[in-house]
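Shown next, in structure tokens, is the structure this report addresses.
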Amino acid sequence: MRRTLLACGIASSLLYALMIWAIRYEGYNLFSQVPSELTAVGAPTQRLWALLGPIYTLLVAAFGWGIWRSAGRNRAVRGCPTAVVQPSFAKLFNRQLPLWALRTFAPSTMVRMVAAVPKGFAMRSEDARFVTEFIDSLFPVSPEGVDFDAFVSNADVNDYNLEAVNVPALIVHTEDDQLASHEASKRAAERIPGARFVSLESGGHLMIGQTEVVRDELADFFGQKRDRGPRRVAS
């Protein structure tokens with residue numbers, strides 16, 4: 001039963017990708033338009049999407065129930081301050097199929113998901129090309145890499161003794177990052193003695209369009225120019 005519920009997570013991802021691929025209307029561009037346009041009022045695909053949408057919702061709900069059951073008494077399925085032993089349900093995700101399906105059938109969705117930019121972010125063609133090349137570099141997907149990113153590198157650091165860090169530190173983060181908390185990065189910088197925090201207005205998780213700013217900040221940092229405090233960079 002539990003495995004069936006968890007498998008609904010993969011099924012929902014495949015269904016979503018197939019929904020976008022199969023019902024796109026003539027003139028719809030996977031690279032320049034967002035999937036929500038398929039459900040817009042007046043779109044020729046609105047009715048079909050309305051029929052498939054509830055099935056997708058039920059699959060996602062079943063997947064959530066499966067995670068809840070897998071957690072057992074440890075309901076807080078999240079990273080701990082040290083290396084985390086992955087929960088049993090994570091083994092179902094050590095597969096390439098869901099990510100491959102998303103990349104193949106819904107490339108624009110995967111680009112925005114990986115870049116983690118807000119919905120209104122204007123991504124140029126060269127930006128999309130950069131993210132696409134980055135996505136391509138992830139394949140073949142390594143199970144160890146997926147597990148590390150999901151359960152170790154994103155560990156909860158609230159209990160870390162950041163005040164004991166005694167080396168120079170530079171933290172650069174965008175305000176519109178949809179994957180990682182900008183506020184958490186700022187608090188971490190405040191706790192590290194002498195750390196410099198650079199806040200970028202936009203760019204998402206991959207800091208799109210901020211190459212020159214980040215490069216200059218790194219040059220200053222490694223050049224021992226650390227006499228400035230936290231600052232906000234307009235973009």
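Is region 107-128 home to any residue that is loosely packed, with under 11 Cβ neighbours inside 10 Å and modelled with pLDDT under 80? Within region 107-128, none of the residues are loosely packed, with under 11 Cβ neighbours inside 10 Å and modelled with pLDDT under 80. Could you list all residues from region 162-179 that are more than 18 Å from residue 205 (Cβ to Cβ) and assigned to a loop (DSSP other than H, G, I, E, B)? Residues satisfying the conditions are 165, 166, 167, 168, 169. Taking region 151-178 as the range and being among the aliphatic types (A, V, I, L, M), modelled with pLDDT of 80 or more and surrounded by 13 or more Cβ atoms within 10 Å (Cβ to Cβ) as the test, the residues that pass are 162, 165, 169, 170, 171, 172.
Does residue 141 satisfy the criteria of being assigned by TED's automatic domain parsing to the domain that holds residue 100 and either in a helix (DSSP H, G or I) or at pLDDT 90 or above (or both)? Here the answer is no, as residue 141 does not meet what is asked.
The values are calculated or read from the model by the stated rules, or taken from the named source; none is laboratory data. This structure is a prediction, so every number in the text was calculated from the model and none was measured. Positions of Cβ are backbone-derived with ideal geometry, glycine not excepted, and every protein chain shown enters the neighbour counts.
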